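Encoded as structure tokens, the structure appears first; notes follow it.
The values are calculated or read from the model by the stated rules, or taken from the named source; none is laboratory data. The model shown is predicted, which means the values in this text are computed figures rather than measured ones. Here Cβ is always computed from backbone atoms with ideal geometry, including for glycine, and neighbour counts include all displayed protein chains. Heads up: the accessible areas ignore ligands, DNA and RNA and are worked out on the full protein's heavy atoms, side chains in. Shrake-Rupley method; radii C 1.70, N 1.55, O 1.52, S 1.80 Å.
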Amino acid sequence: MAAAAADKRVWRNARLSTLAAGSPGLGIVEHGLIAAHEGRILYAGREDEAPASTLAGAESTDCEGRWITPGLIDCHTHLVFAGDRASEFEQRLEGAGYEEIAAAGGGIAATVEATRAASLDELVEASRPRLKALMAGGVTTVEIKSGYGLDIETELKMLKAAKALEESETVRIERTLLALHALPPEFRDRREDYVRLAIDSILPAAADAGLASAVDAFCEGIGFTADEVALLFEAAAAHGLRVKLHAEQLSNLHGAALAADYDALSADHLEHADEEGVAAMARAGMTAVLLPGAFYALRETQRPPVDLLRRYGVPMAVATDCNPGTSPVLSPTLMMSMACTLFGLTPEEALAGMTRAGARALGLAEECGTISPGKAADLCIWRIGRPAELCYWIGMQGPERRIVAGEDA
Ligand SMILES: [Zn+2]
């Protein structure tokens, strides 16, 4: 990402939805102003209460009454991959199930083959349009997982591709190692060997190269068992990496509670999570990441336990899960819309899910996700009448302007 702006900037005559902790609901400020210096927010509040010192010498933008929200945060994606899986879409429409396609060597394995075959440059360029689409939709921070390499070389290549994208685009990127995503075909009869390779070789290599800040796994009947995930999480902790988990998407293997035992940042999907899992997440201070795109694409009917998550006070993030098989989603606001329509979130919860809670799910709660003094000046300026429009429109355009670290992006 480009260096932070040195200039002082002010956005005035705006309506703010700050999402700031301590403010009720969306943290709405009418007649608002945001001042930033060197890419950080100095002041966010009423224009007539802004200290003169925050305005002196600043480049000023008249927002003409537009709404400003925090930049959107997509905290769960698999957007780096080669090839595409449009043919599976056709198969599923003809009646094949996700598990059936996976068992027949399709699914993740097909993407693994294409991703292994691609050079680093090819992988970067194949992934760039997807990243650009999310950015155009208002995303200023995005998490990208590996998991289509399933060998040392390709897992690292995927993380390097994510790093190259961050260096060449105006967006923050968090990188997550997902070596336990699927069993690679060459290890079909040597499951334990692959788990050992992931834990003893791939994880240390990614950690030593500084290519990942977190470790994830797919805890599922067609993925990895809770025992295998526990071994991985032990190793992650030994390497100083935070963990998160694809948990309870298709069945309940009690992954959420397992993740809680390892002080995980988040458990993601959670359609089949039970009260015990949600209570464990609450105790561990975890974030629930809801992924309505996969729910929609797989035509699932079991919804995540939103009422339980509310009752236990577990923050709910919303993300695209952008991936070639089960969630080929390129629009963050569409996910906010689906979180409301399919999962019953309020528009307020959905916007918090793509901002404040998304930051929390990435361990970035102090850095971004709300419009608060001291945080990065990552903002979206929207031409809307009220924030609920971000969830109301199905397939709406992105923000009129996107600001990253105080600069137009
Ligand atoms: Zn995922």
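Among all positions in region 335-354, there is no residue which is out of contact with any Cys (no Cβ under 8 Å at 6 or more places or on another chain), closer than 13 Å to I68 by Cα and surrounded by 18 or more Cβ atoms within 10 Å (Cβ to Cβ). Counted as qualifying within region 290-357 are the helices (runs of 4 or more DSSP H) with 1 or more residues that are modelled with pLDDT under 95 and within 16 Å of the ligand (Cβ to nearest atom), namely 292-297.
Per-residue answers, yes or no, for (1) more than 16 Å from the ligand (Cβ to nearest atom); (2) open to solvent by 10 Å² or more (accessible area, probe 1.4 Å); (3) in contact with a Leu (Cβ under 8 Å, 6 or more places away or on another chain):
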{"site": "T141", "(1), (2), (3)": "yes, no, yes"}
{"site": "V171", "(1), (2), (3)": "yes, no, yes"}
{"site": "A182", "(1), (2), (3)": "no, yes, yes"}
{"site": "R190", "(1), (2), (3)": "yes, yes, no"}
{"site": "V195", "(1), (2), (3)": "yes, no, yes"}
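Restricting attention to region 51-67, the residues that are open to solvent by less than 20 Å² (accessible area, probe 1.4 Å) and either under 16 Å from R40 (Cβ atoms) or modelled with pLDDT under 90 (or both) add up to 1. Take the conditions (1) more than 16 Å from the ligand (Cβ to nearest atom); (2) not in a helix (DSSP H, G or I); V80 misses just one of them, which is (1). Of the residues D84, D74, D151, the single one that is open to solvent by less than 30 Å² (accessible area, probe 1.4 Å) and charged (D, E, K, R) is D74. Filtering region 372-402 to residues that are outside any loop (DSSP other than H, G, I, E, B) and touching a Gly at 6+ places or on another chain (Cβ under 7 Å) leaves A376, L379, C380, R402.
Among the residues making up region 226-251, a single one is in a loop (DSSP other than H, G, I, E, B), surrounded by fewer than 18 Cβ atoms within 10 Å (Cβ to Cβ) and of a type outside the set (G, A, S): H239.
Looking only at region 17-32, count how many residues are open to solvent by 30 Å² or more (accessible area, probe 1.4 Å), over 14 Å from A359 (Cβ atoms) and hydrophobic (A, V, I, L, M, F, W, C). Here the count works out to 1.
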